[in-house]
C-alpha cells in the first residue's frame with residue numbers, strides 16, 4: 001500500500017504535495033510583515049481523534065517538504081526515508097506527520113521567488129529578511145490551518161534542529177517533545193564565515209543582477225554551485241572524504257597538468273554544485289543562510305540559554321555525531337547543560353559515524369533506536 | 001524485577017515512591033527503569049558510554065551522555081531527592097569531588113563500590129604479591145577502569161573528614177547482605193546512603 005492510498009481522509013488539507021495560501025499577516029522579527037503567506041507541505045498518516053499524534057518534521061537549509069515521498073524535480077526518494085515511513089521510528093501508521101517547506105525557500109512556500117502582491121513581480125531581494133523563529137511562526141500558522149493544536153513532537157536535524165529548539169520557546173503549550181539532531185543553539189563565527197563565502201559566490205556571479213534574474217530566464221548558477229560546493233565540504237568529514245576519494249584520479253591514469261577535475265573529489269564536488277542549482281533558487285540560499293546566521297537562541301534572553309528554556313514544558317532529546325565539525329558535539333552539550341540548569345528533562349547521546357554532519361541523513365541504526373525510544377516514551 | 005545487580009536492588013528497595021532520582025553512571029538504565037516502574041520515580045541518568053546511552057534512551061529513559069568528573073556541575077543544587085553513584089566511584093578521576101557534587105545535587109546520595117579490602121583481595125596481595133583479580137574485580141591492573149581502588153574504611157574516613165553524615169549502610173557478600181561487623185574484611189560490596 002502506498003502512502004497516498006494510506007490516507008483515508010478526503011480532506012483536501014491532508015496528503016502529499018499540498019499547499020495553502022494563508023492571509024496572514026505574518027509579523028516577522030525584522031519588523032516587516034508578510035501577506036499572504038504560502039506554505040507548501042506534505043502530511044502522512046492520520047490525525048487521531050484526540051489530536052495527540054502529530055509530529056512536525058523540520059527540514060535543513062536546502063531540504064524540502066518531501067521527507068518521505070519522491071522529489072518532484074530530482075525524482076529521488078524522500079530525504080529521510082531512513083527514519084520516516086512504515087516500520088520506521090516516525091511511522092505514518094502511528095503518527096500524523098507534517099513536513100512543510102520553510103519560509104524563504106523555493107519549493108512552494110513564500111520566498112524571494114514568490115510574487116510580491118504590491119508589484120506583481122517576484123520579490124527577489126525585496127523579500128523581507130526572515131529568521132528561524134519566523135519559519136517556526138509560519139509552521140504554527142500551518143498547524144492552525146490543519147487543526148493541530150499540540151504536537152506530540154517536533155523533530156529536526158541541522159537547521160531543522162534549530163527550528164525544533166525554537167518551537168517550545170515560542171509555543172510552550174503546543175509541543176510535548178523536542179528532538180534535535182546535529183544542531184546548535186547559535187551560529188558560530190565559523191558557521192557564519194562559511195555562509196558568507198557562499199553568499200559572496202552568488203552575489204559575485206554577474207548573472208545575479210542584484211537578485212533580479214527571474215525574468216531573464218537565467219540565474220547565477222555558477223555562483224550558487226560554488227556556494228554549494230563550499231558548504232558541502234562542511235557536511236562531510238576529512239575521514240569520510242579520505243575513505244571515499246583519497247587522492248584518487250578521476251577517470252584518468254595521470255595528472256593532466258591542467259585545471260580540469262583531475263581528482264575524484266573535485267569531480268564529486270562539481271557534480272554536487274551542478275545538480276544543486278537545478279533544484280534550488282540562489283536568492284533563497286541567501287535568505288535562508290542569513291536566517292541561520294541570525295539565529296542565537298540565548299540572544300533574546302540576556303544571553304542565557306537556560307533562561308530561553310525556562311518557560312518550556314517539553315521533553316528534549318539531542319543527538320550529535322562525533323565527526324560533525326559543522327555543529328560539533330560541544331554545541332549540543334551547551335544545550336544539554338542549559339536544559340539541566342532550567343530543570344528540563346533531556347536525553348543526549350553522541351553517536352559514532354564516519355560521515356560528519358550528514359550522518360543524520362544516512363543509515364544510523366543507533367539514531368533510529370534513540371528516536372524510536374524517545375518518541376515512544378513521550379507518547 | 002529481581003534481576004537487578006545486588007547493590008542496585010538494595011538501592012531500588014530504599015527509594016521511596018515518586019522520588020526524583022539522578023543515576024550517575026546509569027549504564028543501560030536497569031536501575032532507573034526498575035524504579036520508574038515500581039516506585040514511579042521521576043528519573044534521570046548520566047552515562048559515559050554511547051552504546052549504553054542509546055540503549056537507555058531506546059527504552060524511553062531520559063539519559064544524557066556525559067562524564068561524572070566534568071558534567072555534574074551543570075545540575076542545580078538539590079534538584080534531586082537522590083543522586084546515585086553505583087560502582088562508578090572507583091572509576092572517577094576525583095572521587096571526593098564527585099561525591100561532593102552528588103551531595104550538592106541530591107538531598108541524599110547512594111554510593112556503592114567494591115571493597116578492595118575484602119579478605120580474598122588481601123590474601124592475593126599478601127601471598128601472591130599480585131594485584132587481585134576476583135569475580136567482582138575481574139580486570140587486571142593495566143586494563144581495569146578502576147583507577148581509584150578504595151576500601152570501606154577508606155570511604156568512612158573520607159565521610160568523617162568532610163563532615164558528611166551516613167544515613168544508612170548495607171554490606172554485600174555473595175549477593176547477600178551481611179552484617180557491618182568487620183565489613184571491611186568480609187564485605188565484597190558496600191552501599192552507603194549519606195547527606196551533606
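Looking at A:184, A:256, can you tell me which residue is in contact (Cβ under 8 Å) with a residue 60 or more places away in the chain and over 21 Å from residue A:112 (Cβ atoms)?
Criteria check complete, one pass: A:184.
Are any residues in the range A:360-377 within 8 Å of another protein chain (Cβ to nearest Cβ) and in contact with a strand residue (DSSP E or B) (Cβ under 7 Å, 6 or more places away or on another chain), and if so, which ones?
Correct list: A:366, A:370, A:374.
For the range A:275-285, indicate whether the set of residues that are more than 14 Å from chain B (Cβ to nearest Cβ), touching a residue at least 40 places away in the same chain (Cβ under 8 Å), touching a helix residue (DSSP H, G or I) at 6+ places or on another chain (Cβ under 9 Å) and under 18 Å from residue A:162 (Cα atoms) is non-empty.
Yes, the conditions are met somewhere in the range A:275-285.
Can you find a residue that is modelled with pLDDT of 95 or more and in a strand (DSSP E or B) anywhere in the range B:29-36?
Checked against the condition, which is being modelled with pLDDT of 95 or more and in a strand (DSSP E or B), the range B:29-36 yields no hits at all.
From the list A:331, A:345, A:350, exactly one residue is over 21 Å from the mean Cα position of the chain (by Cα), under 24 Å from residue B:52 (Cβ atoms) and in the same structural domain as residue A:151 (by TED's automatic domain parsing). Which is it?
The match here is A:345.
Run down A:316, A:321 and say which single residue is at pLDDT 95 or above and either more than 14 Å from every other protein chain (Cβ to nearest Cβ) or closer than 21 Å to residue B:72 by Cβ (or both).
A:316
How many residues are in a strand (DSSP E or B) and either touching a helix residue (DSSP H, G or I) at 6+ places or on another chain (Cβ under 8 Å) or modelled with pLDDT under 95 (or both) if we restrict to the range A:1-26? Even if it seems obvious, please write down each step before you answer.
So in the range A:1-26, the residues in a strand (DSSP E or B) come out as A:18-22, A:26.
From the residues that got through so far, the ones that are either touching a helix residue (DSSP H, G or I) at 6+ places or on another chain (Cβ under 8 Å) or modelled with pLDDT under 95 (or both) too are A:20, A:22, A:26.
Going through the range A:1-26 one residue at a time, the tally reaches 3.
I need the full set of residues from the range A:216-230 which are touching a residue at least 40 places away in the same chain (Cβ under 8 Å) and either in a helix (DSSP H, G or I) or out of contact with any helix residue (DSSP H, G or I) (no Cβ under 9 Å at 6 or more places or on another chain) (or both), in order please. Before the answer, list the steps.
Step one: filter the range A:216-230 for residues touching a residue at least 40 places away in the same chain (Cβ under 8 Å), giving A:219-221, A:223-229.
Passing the criteria: A:221, A:223, A:224, A:225, A:226, A:227, A:228, A:229.
Out of all the residues in the range A:98-130, which are surrounded by fewer than 21 Cβ atoms within 10 Å (Cβ to Cβ) and within 13 Å of residue A:61 (Cα to Cα)?
Of everything in the range A:98-130, nothing turns out to be surrounded by fewer than 21 Cβ atoms within 10 Å (Cβ to Cβ) and within 13 Å of residue A:61 (Cα to Cα).
More than 14 Å from every other protein chain (Cβ to nearest Cβ), assigned to a strand (DSSP E or B) and under 13 Å from the mean Cα position of the chain (by Cα), is that true of residue B:111? Talk me through it step by step, then tell me what you get.
Details: more than 14 Å from every other protein chain (Cβ to nearest Cβ): yes; assigned to a strand (DSSP E or B): yes; under 13 Å from the mean Cα position of the chain (by Cα): yes.
The answer is yes for residue B:111.
Under the condition of being within 22 Å of residue B:47 (Cα to Cα) and more than 9 Å from chain B (Cβ to nearest Cβ), which residue from the range A:343-359 is surrounded by the fewest Cβ atoms within 10 Å (Cβ to Cβ)?
A:344
Looking at B:64, B:24, which one is at the interface with chain A (Cβ under 9 Å from one of its Cβ atoms), touching a helix residue (DSSP H, G or I) at 6+ places or on another chain (Cβ under 6 Å) and either under 28 Å from residue A:89 (Cα atoms) or touching a residue at least 60 places away in the same chain (Cβ under 8 Å) (or both)?
On inspection, the qualifying residue turns out to be B:64.
For the range A:238-251, check the following and say yes or no: at least one residue is within 30 Å of residue A:56 (Cα to Cα), surrounded by fewer than 19 Cβ atoms within 10 Å (Cβ to Cβ) and either modelled with pLDDT of 95 or more or out of contact with any helix residue (DSSP H, G or I) (no Cβ under 6 Å at 6 or more places or on another chain) (or both).
No, the range A:238-251 contains no residue that is within 30 Å of residue A:56 (Cα to Cα), surrounded by fewer than 19 Cβ atoms within 10 Å (Cβ to Cβ) and either modelled with pLDDT of 95 or more or out of contact with any helix residue (DSSP H, G or I) (no Cβ under 6 Å at 6 or more places or on another chain) (or both).
Return the pairs, sorted by first residue and then second, in which the second residue is surrounded by fewer than 19 Cβ atoms within 10 Å (Cβ to Cβ) and in a helix (DSSP H, G or I), the first residue lies in the range B:46-58 and is without any contact (Cβ under 8 Å) to a residue 60 or more places away in the chain, the beta carbons are less than 6 Å apart, and the residues are 6+ apart or on different chains.
Taking only residues 6 or more apart or on different chains, the pairs are B:54/A:369; B:58/A:369.
Any chance the range B:86-105 includes a residue that's more than 20 Å from residue B:148 (Cα to Cα), at pLDDT 95 or above, surrounded by 15 or more Cβ atoms within 10 Å (Cβ to Cβ) and away from every other protein chain (no Cβ under 11 Å)?
Yes, some residue in the range B:86-105 is more than 20 Å from residue B:148 (Cα to Cα), at pLDDT 95 or above, surrounded by 15 or more Cβ atoms within 10 Å (Cβ to Cβ) and away from every other protein chain (no Cβ under 11 Å).
Could you tell me whether any residue of the range B:68-76 is in contact with a helix residue (DSSP H, G or I) (Cβ under 7 Å, 6 or more places away or on another chain), in a strand (DSSP E or B) and buried (at least 21 other Cβ atoms within 10 Å of the Cβ)?
Checked against the condition, which is being in contact with a helix residue (DSSP H, G or I) (Cβ under 7 Å, 6 or more places away or on another chain), in a strand (DSSP E or B) and buried (at least 21 other Cβ atoms within 10 Å of the Cβ), the range B:68-76 yields no hits at all.
Considering only the range A:328-340, state which residues are surrounded by fewer than 19 Cβ atoms within 10 Å (Cβ to Cβ) and within 11 Å of chain B (Cβ to nearest Cβ).
Residue satisfying the conditions is A:334 alone.
The values are calculated or read from the model by the stated rules, or taken from the named source; none is laboratory data. It should be emphasised that the depicted structure is a prediction, and the values quoted were computed from it without experimental measurement. Don't worry about glycine lacking a Cβ; one is built from the backbone with ideal geometry, like all the others, and counts go over all protein chains shown.
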